[in-house]
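Heads up, the thing below is written out as structure tokens.
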Amino acid sequence: MSRATFAEIAAALESAQEILVASHLRPDGDALGSTLAFTLWLRSLGKRVTAWNQDGVTRNFRYLPGHELITTPESTPRAFDVVVALDTSVKNRLGTVLESVAAAGLLINIDHHVSNEAFGDLSYIDPSAPATGQILCEFFQDRGVALTPEIATNLFAAVSTDTGSFQYSGTNARTFDAASRLVAAGVNVAELSGAMYESQPRRRLDLLRHALNEAKFSCDGHLASFSLSLATVEQLGVHPEDNEGIIDHLRSVEGVVSAVFFEELPEGRVRVSARSKDPRVDVCEICGQFGGGGHPLAAGARIKGSLAEVEEKFLGAVCHEIRNRN
Ligand code: 5GP
Ligand code: MN
């Protein structure tokens, strides 16, 4: 895996004027928090910075300081000295962002996905970091950057959301070091946590109620799954971002090794979201068989076919891995 140093990345950014910062579609807290932290820092250096995300800032992240800076890709392509892709394991997860880049002097890729293809001219990939936000904390510390409360809040949100509030594997001493520095830089932990975890729309509860009713347990109770059809989405009026975290309820059950969420998409495909509690069941590898990727214990894919077809194929593959643990 090609590996640039923080110094090389900082030097490339310092000599640039026009910079684009982008992250993956269907963004999560790590994608948006990292994008905003980097954007705010680069702007403080006097750079002209554009922040794009294919899906913009979904409503559940409008508490992030500076969130209005993130826009969707423009229709007329523009040239940038440097394009920075954050938290994005493969180029196509940027959506149409790169189609809106007329020319990129240099592509920088900073990420923590083990499946990252190091597609940048300068790539910094650290799969031992549980969030891209943690890598950026380490970057800022290495470069001696003093963090504003706004930058620190975005990074804390990135790390907190991607670690399930500092619980998931990958959460390590460096994570708490980073969190400690962020709090010292002015994060209001209670206020931010309230916005992140205690301000869910009612719609989400309706979806959760439905999911708990419909959840299926298979593979001797080791596999929990839930399928969301387009008809149900319409009936409940749920938004794509309401799905976030529903899978955690399935995973939390005793005996469940893997939880899978299937979401029917309009174009004859299904979005699969998979979680594992056992490192011997590597959902990144399983999703890879279907053209997706992610992390060993949290991964996803978009698979062609009907809900029933994809469900059968994918659950079969996961159960096979569960049964073949040794
Ligand atoms: P989630 O299930 O929360 O959408 O995603 C879990 C992890 O898998 C994230 O790190 C995400 O980037 C990755 N992931 C989700 N969907 C896809 C996909 O379609 N392709 C790839 N390569 N990674 C995905
Ligand atoms: Mn991430």
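The values are calculated or read from the model by the stated rules, or taken from the named source; none is laboratory data. Computed from a predicted model, the values in this text were never measured in an experiment. As a convention, Cβ positions derive from the backbone with ideal geometry for all residues, glycine included, and neighbour counts pool all protein chains shown.
(1) within 15 Å of ligand 1 (Cβ to nearest atom); (2) over 15 Å from the mean Cα position of the chain (by Cα): which one isn't true of residue 254, the others all being true?
(1)
Hey, which of the strands (runs of 3 or more DSSP E) in segment 267-326, taking only ones fully inside, have at least 3 residues that are more than 16 Å from ligand 2 (Cβ to nearest atom) and over 22 Å from residue 254 (Cα atoms)?
Per the criteria, 269-276, 298-304.
Taking the criterion of being assigned to a helix (DSSP H, G or I) and within 16 Å of ligand 2 (Cβ to nearest atom), would at least one residue in segment 190-207 satisfy it?
Within segment 190-207, the subset assigned to a helix (DSSP H, G or I) is 190-197, 202-207.
With the extra rule that they be within 16 Å of ligand 2 (Cβ to nearest atom), the set shrinks to 196.
The answer is yes; a qualifying residue exists.
Which members of segment 46-55 meet the condition of being exposed (fewer than 15 other Cβ atoms within 10 Å of the Cβ) and among the small types (Gly, Ala, Ser)?
Residue satisfying the conditions is 46 alone.
Tell me, which residue of segment 94-128 that is of a type in the set (Asp, Glu) and in contact with a helix residue (DSSP H, G or I) (Cβ under 7 Å, 6 or more places away or on another chain) is farthest from ligand 1 (Cβ to nearest atom)?
Within segment 94-128, the match that is farthest from ligand 1 (Cβ to nearest atom) is 126.
Please work out if residue 146 is surrounded by fewer than 18 Cβ atoms within 10 Å (Cβ to Cβ) and at negative phi.
yes
Identify, please: which residue in segment 275-316 is in contact (Cβ under 8 Å) with a residue 12 or more places away in the chain, out of contact with any Leu (no Cβ under 9 Å at 6 or more places or on another chain) and closer than 17 Å to residue 217 by Cβ and is, among those, nearest to ligand 1 (Cβ to nearest atom)?
It comes out as 314.
Just to be sure I understand, how many residues within segment 253-287 are closer than 14 Å to residue 224 by Cα and at pLDDT below 95?
Here the count works out to 0.
Among the listed residues 131, 152, identify the single one that is in contact (Cβ under 8 Å) with a residue 12 or more places away in the chain, of a type in the set (Gly, Ala, Ser), closer than 20 Å to residue 40 by Cα and within 13 Å of ligand 1 (Cβ to nearest atom).
Matching residue, one of 131, 152: 131.
Is it true that residue 260 is more than 16 Å from ligand 2 (Cβ to nearest atom), buried (at least 21 other Cβ atoms within 10 Å of the Cβ) and closer than 26 Å to residue 238 by Cβ?
Here the answer is yes, as residue 260 does meet what is asked.
Can you tell me which condition residue 74 does not meet? The list is (1) surrounded by fewer than 23 Cβ atoms within 10 Å (Cβ to Cβ); (2) more than 16 Å from ligand 2 (Cβ to nearest atom); (3) under 20 Å from residue 33 (Cα atoms), and all the others hold.
(3)
Please go through segment 26-40 and give me each residue that is surrounded by fewer than 24 Cβ atoms within 10 Å (Cβ to Cβ) and away from ligand 2 (no atom under 14 Å from the Cβ), ordered by number.
Correct list: 40 only.
Does segment 232-250 contain at least one residue that is part of a loop (DSSP other than H, G, I, E, B) and within 16 Å of ligand 2 (Cβ to nearest atom)?
yes
The rows are residues; the columns are (1) buried (at least 20 other Cβ atoms within 10 Å of the Cβ); (2) small (Gly, Ala, Ser).
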| position | (1), (2) |
| --- | --- |
| 44 | no, yes |
| 64 | yes, no |
| 68 | no, no |
| 105 | no, yes |
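Output the number of residues of segment 212-231 satisfying the condition of being assigned to a strand (DSSP E or B) and crowded, with 19+ Cβ neighbours inside 10 Å.
Qualifying residue count for the region: 6.
Within segment 25-35, can one find any residue that is among the acidic types (Asp, Glu), in contact with a Gly (Cβ under 7 Å, 6 or more places away or on another chain) and in a helix (DSSP H, G or I)?
Of the residues in segment 25-35, the ones among the acidic types (Asp, Glu) are 28, 30.
Then keep just the ones that are in contact with a Gly (Cβ under 7 Å, 6 or more places away or on another chain); that gives 30.
Now drop any that are not in a helix (DSSP H, G or I), which leaves 30.
Yes: one or more hits.
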